[in-house]
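**Student:** Have a look at the structure that comes next, please.
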Amino acid sequence: MDKHYDPKAVEAKWYPIWENTGAFKPSGTGKPYSVVIPPPNVTGILHMGHALNDTIQDVLVRWHRMRGDDTLWVPGTDHAGIATQNVVEKALRKEGKRRQDLGREAFIERVWEWKKQYGGTIVKQLRALGCSCDWSHERFTMDEGLSRAVAEVFTEMYEKDLVYRGNYIVNWCPRCGTALADDEIEHEPNHGHLWYVRYPVVGSALGVKGEAYQDYIMVATTRPETLPGDTAVAVNPKDERYLHLHGKTVILPLTGREIPVLPDDYVEREFGTGIVKITPAHDPNDFLVGKRHGLEEINIMNGDGTMNELAGAAYAGLDRFACREKIVADLDVGGFLDHVEDYDNQVGHCYRCHTVVESRLSKQWFVRMKPLAEKAMEVVRDGRIVFTPKRYENTYFNWMENIRDWCISRQIWWGHRIPVYTCECGHEWAATEKPSVCPKCDAGADKITQDPDVLDTWFSSWLWPFSTLGWPDKTADLARYYPTTDLCTAPDIIFFWVARMIMAGCRFMDDVPFRNVVLHGVVRDAQGRKMSKSLGNSLDPLEIIGKYSADALRFTLMQTTSPGIDVFISMDKFEIGRNFGTKIWNAARFIQMHAQKVEGFSFADYAGGSGGCKPHVGAGTALSLDDRHILATADAALAAMDTALAGYRFQDAALAAYDFVWSQFCDWYLEEAKRDLYGDDPARRAQVVGILAEVFGRALRMIHPFMPFVTEEIWHQLGYASSDEETISHAPWPKPFAAEQKAAWGIDEDVRAYVNARHDLITAGRALRSSISALKPSDKVAFVVSAKTAEAADRLRAETESLAGFLGASGVEVLCGETLSGMPSADTALGTVALKLEGSVDAEAEKKKAQEEIAKLEGFLRTVEAKLGNETFLGKAPAAIVEQQKARKEELLADLARKRALLVSLG
RNA sequence: GGGCGGGUAGCUCAGUGGUUAGAGCCCUCGGCUUACACCCGAGUGGUCGCGGGUUCGAGUCCCGCCCCGCCCACCA
């Protein structure tokens, strides 16, 4: 193996091999485990949110695959209607053309060309991340099959009256010329004004000009340009200031129209003057007020944001912002404008082109959501779908209970065209295929027109879990892999995606789309800001892969993420993942180096295959304590990982693997193994190599879901794989050692506890050495150990001898139950270890240290004694806890005695 | 305004009512020891946001408050 690991070369090498050998195709045998990817926008490039989301899925998928499940991960992309259309329009603009110049068909052709050329970016990037998707199942929301699913669903809903066309107030982008869903609006702070306008009260007006009015009401507005569309003013019904106005009418300035004063709860008394002008056609709340009171809706604006003739001859044709200025000026001239205040508020912008969004009355298609929501709530309530973390179920219910109809039509060209047709006689129907004749009047194809609008992009995404598996056909995939198992996403799309998928699954498949919803956090920068292009604070996953490797990116993300908690990340964090990869690589080199010295040694015997053939592990002499300890620790680490992964706690799983490999295997076992590996007993050498191969083979497989590339490379370099085609991703996930094997090898919790205590002893010895400031290399040291019990003394003798060897001490003296005085010492689970010096000791420093420790111990002792003197504690605490405290007290007393004696001997 | 999350070491975060609250990074000290300096060893560093309460025992449970963040609604 090379001295330095080269992730670039290794990562570039493996993905094509995996893909070409079909490593990620479902096996067809075992328990089905399936996941559909949240389809990224086809225009998208991989950002940190994807990296987190897709790594989580890949960890789950690889884990299940290794466990022998029939694993399918369906990848794909979303056609992203408005986003994609904008990208192509932008390209067209460079040629000096608009989409209208090409016409609808040619434009769509252009979009497809664009998709063919550039649409594969994110899909390539998923490969760079190492995602083990089955690319033979790749889907695109505008694919023929998925389009058929969309038409099928729409037609069925049309016929069952689950969709309807209605005049409704929608968000409208005047530049894109389309309706936008609420989530396609970005609210941004705006420094605007509040204009205070006088509306004369009818029946008490005393003059013609504004100045002359003695009786008027004051209305505050941020949008004076909508004034010609006003059909009422409203006050809060409980506002005693305006009780006298109920039932009165006022004159709408500049128009002379008489409009009513209405009481409505929607009005806030505290805001402005407490009187609101109501413009039902241009404000969503006013629209609702209008509906409640049966007001007329006057649409005064064109789709491009200019005023129409209903705004009045003086304003028709003006842009909305020009019109605002003119109306303000006219109000002023007419004496209606009282004063102006500065006012900051939030204004909605189109998420694609950033134009200020207009609320506009228009004919749109809607889905009736209430009938779909019932069942979708039921399946979560009864546990057929489980959210992780559970608390998001509340968020889900909250939204579902207050669900509003879904506006699904968009006035753009790129997307699924609404399959609603009308013939010349006005017959209307929906159909999955383009009809050649009207089903009602025999009008021919040339007399039939299709609705020009397209469907909201989410209208295809909500079918994703079954449309990707072949629906509406009854495919084998659908039968085997639906419902899918896990759905992983960030909580911000619970509403417009997760909830809708659940509704669609229940409605069209009569079954849930997935069993578990796994919600992870949003990736943020070190300051806690959402990563975004406009802030320029995005970390580019590809840059990280280039600098640190995909494995490093993946591992760091996993060990940083907690369920449902946002991920704060900065560039240097990826060193953790990189360093871990390097550590594994070096451990592999070490193991290989020693394995080469064992004749006929084969790592393939330790690949976890059936048969459990491990010729060297049990051969010859019995296993050492260290051997048994690391095998037992491997088992514990495996259990910890399995539990964590089953609970979607990726951080815990990653940390369990990290701690096991680094702190346990490398820091302790490899070091301890060197004694035998560099020793002169060939049988024992072979045995140790066998244990290294067994434990490291397990470690590689356990880490593989997190770091697929480096583990695969080592798997082959060492020869766990018996051929080039064999992949670690198909190697079996480790199983706990069988009971008989554990009994034969002597693997149990006792050996873990004992060796852990021995490690404490060694650590204490090291600490002693480095804590003695006066110790010079020439000083000779010997260890003196005082065992707690006679029984422990025998064990301690052996332990301390190895400790002395470890630390270069000249000798060992074992005592039992005696107080060690005059020597720097440290306590461990096995006993007290002290250093006997044949050099000089800084008595003052030692004295000071001893005094500090005594003070500390006395403090603890007081706490424990207080507890043991407390009747209620003795009466109510569990016996085990009481015993624990009693033992603790004895220990503290003994420790104190030793320290005090030390202090005395130091003078 | 409604809902949710967070506040624990300088930083990023773990922490299943029960010994003296942990990890990584940072920092200090000592080491190029023949897998690895992307390393090894040893340390320094905490009124667990504040105030009450429940309990034998609270970082952990309850109530109130203060900050930070997110989501939803709204801001005429």
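**Student:** Which value in nm describes the separation of the simple spin-label points at A:Met571 and A:Arg368, placed 7 Å from the Cα toward the beta carbon?
**Tutor:** 5.7 nm
**Student:** Hey, another quick one. Listed here are the pairs A:Lys116/A:Lys375; A:Lys124/A:Lys547; A:Lys124/A:Lys370; A:Lys90/A:Lys370; A:Lys124/A:Lys474; A:Lys573/A:Lys597; which of them are more than 29 Å apart at the Cα?
**Tutor:** Over 29 Å Cα-Cα: A:Lys116/A:Lys375; A:Lys124/A:Lys370; A:Lys90/A:Lys370; A:Lys124/A:Lys474; A:Lys573/A:Lys597.
**Student:** What is the angle, in °, between the Cα long axis of helix A:48-66 and the longest principal axis of the Cα atoms in chain A? Nearest 10 is fine, range 0 to 90.
**Tutor:** Taking Cα atoms only, the helix is inclined about 50 degrees.
**Student:** Here is a follow-up. Show me A:883-893, A:703-713 ranked by packing, highest mean number of other Cβ atoms within 10 Å first.
**Tutor:** In descending order of packing, they fall as A:703-713, A:883-893.
**Student:** At q = 0.23 Å⁻¹, what log₁₀ I(q)/I(0) does a Debye calculation on the Cα points of the range A:252-369 give, no solvent, two decimals?
**Tutor:** At q = 0.23 Å⁻¹ the computed log10 ratios are -1.71.
**Student:** Using only the alpha carbon atoms of the range A:650-722, find the Kirkwood hydrodynamic radius as the inverse mean reciprocal pair distance, in angstroms to one decimal.
**Tutor:** Details: mean 1/r = 0.0754 Å⁻¹.
Final number for the Kirkwood radius of the range A:650-722 is 13.3 Å.
**Student:** Hey, another quick one. Under 13 Å from the Cα of A:Lys160, which aspartates and glutamates turn up, not counting those fewer than eight places away in the same chain?
**Tutor:** By straight Cα distance, A:Lys160 reaches A:Glu152.
**Student:** On to the next question. Which of the listed residues, A:Gly317, A:His354, A:Val367, is farthest toward the dipole's positive end in chain A, when Lys, Arg count +1 and Asp, Glu count -1 at the beta-carbon?
**Tutor:** A:His354
**Student:** Can you tally the net charge around A:Arg368? Count Lys and Arg as +1, Asp and Glu as -1, for every other residue whose Cβ sits under 9 Å from the Cβ of A:Arg368. Numbers along the way, then the final one.
**Tutor:** Numbers: positive: A:Lys370; negative: A:Asp161, A:Asp405.
Cβ neighbours under 9 Å give a net charge of -1.
**Student:** Provide the gained length on full extension for the span A:Glu270 to A:Arg888, in nm with one decimal, where the gain is 0.36 nm per separating residue minus the Cα-Cα distance.
**Tutor:** 216.0 nm is the gain from fully extending A:Glu270 to A:Arg888.
**Student:** Just rank A:Asp627, A:Asp338, A:Asp510, A:Asp215, fewest to most, by other beta-carbon atoms within 10 angstrom.
**Tutor:** In increasing order of surrounding Cβ atoms, one gets A:Asp510, A:Asp215, A:Asp338, A:Asp627.
**Student:** Same structure, new question: Can you pull the Rg over Rh of the range A:375-463, Cα-only, Kirkwood?
**Tutor:** Value, to two decimals: 1.20.
**Student:** Something else now. Name the residue farthest towards the positive end of the dipole of chain A from the options A:Pro491, A:Gln885, A:Trp114, assuming +1 on Cβ of Lys and Arg, -1 on Cβ of Asp and Glu, about the Cα centre.
**Tutor:** A:Gln885
**Student:** What dipole magnitude, in Debye to the nearest 20, does chain A give about its Cα centre under +1 on Lys/Arg Cβ and -1 on Asp/Glu Cβ?
**Tutor:** 900 debye
**Student:** Using a basic spin-label model with each label point 7 Å from the Cα along Cα→Cβ, how many nm lie between A:Gln117 and A:Ala622?
**Tutor:** 7.5 nm
**Student:** Further question: Going by alpha carbons, how many degrees (0 to 90, nearest 10) lie between the helix axis of A:284-293 and the longest principal axis of chain A?
**Tutor:** 50 degrees
**Student:** Please determine, in degrees from 0 to 90 and to the nearest 10, the orientation of helix A:708-718 with respect to the longest principal axis defined by the Cα atoms of chain A, where the helix direction is its Cα long axis.
**Tutor:** 30 degrees
**Student:** Could you sort A:753-760, A:34-41 so that the peptide with the highest average Cβ count within 10 Å comes first and the rest follow in order?
**Tutor:** Peptide ranking by packing, descending: A:34-41, A:753-760.
**Student:** Something else about it: Can you say what percent of the DSSP beta bridges in chain A, counting only those with both residues inside, are antiparallel? Round to 5. Can you show the working numbers first?
**Tutor:** Details: 68 of 94 bridges.
Looking only at bridges with both residues in chain A, the antiparallel portion is about 70 percent.
**Student:** Same structure, new question: Among A:Ser722, A:Ser729, which comes first, second and so on when ranked by fewest other beta-carbon atoms within 10 Å? Walk me through the numbers on the way to the answer.
**Tutor:** Values: A:Ser722 14, A:Ser729 23.
Listing A:Ser722, A:Ser729 from fewest to most nearby Cβ atoms yields A:Ser722, A:Ser729.
**Student:** Quickly rank A:278-284, A:141-147 as a protection proxy: mean count of other C-beta atoms within 10 Å, highest first.
**Tutor:** Most protected by this proxy first, the peptides run A:278-284, A:141-147.
**Student:** So how strong a dipole does the range A:635-690 carry about its Cα centre when Lys and Arg Cβ are +1 and Asp and Glu Cβ are -1, to the nearest 20 debye?
**Tutor:** Here the size comes out at about 100 debye.
**Student:** Right, something else. How far, in nm, would the chain grow between A:Asp6 and A:Glu671 when pulled straight, counting 0.36 nm per residue and subtracting the alpha carbon separation?
**Tutor:** Extra length from A:Asp6 to A:Glu671 when fully extended: 236.8 nm.
**Student:** Could you state the number of Å between the C-alpha centres of the range A:96-175 and the range A:354-431?
**Tutor:** Their Cα centres are 17 Å away from one another.
**Student:** Quick one: what does P(r) look like for chain A with 20 Å bins over all Cα pairs, in whole %?
**Tutor:** 12, 31, 28, 18, 10, 1
**Student:** Let me ask something else about it. Compare the Cα positions of A:Ala897, A:Pro7, A:Ile545 along the charge dipole of chain A (+1 at Cβ of Lys, Arg; -1 at Cβ of Asp, Glu; about the Cα centre) and return the one farthest towards the positive end.
**Tutor:** A:Ala897
Each value in this text was obtained by applying a stated rule to the coordinates, not by laboratory testing. Note that the coordinates shown come from a computational prediction; the quantities given were computed from them, not determined experimentally. Neighbour counts are summed over all protein chains in view; Cβ atoms, including those assigned to glycine, are modelled from backbone coordinates with ideal geometry.
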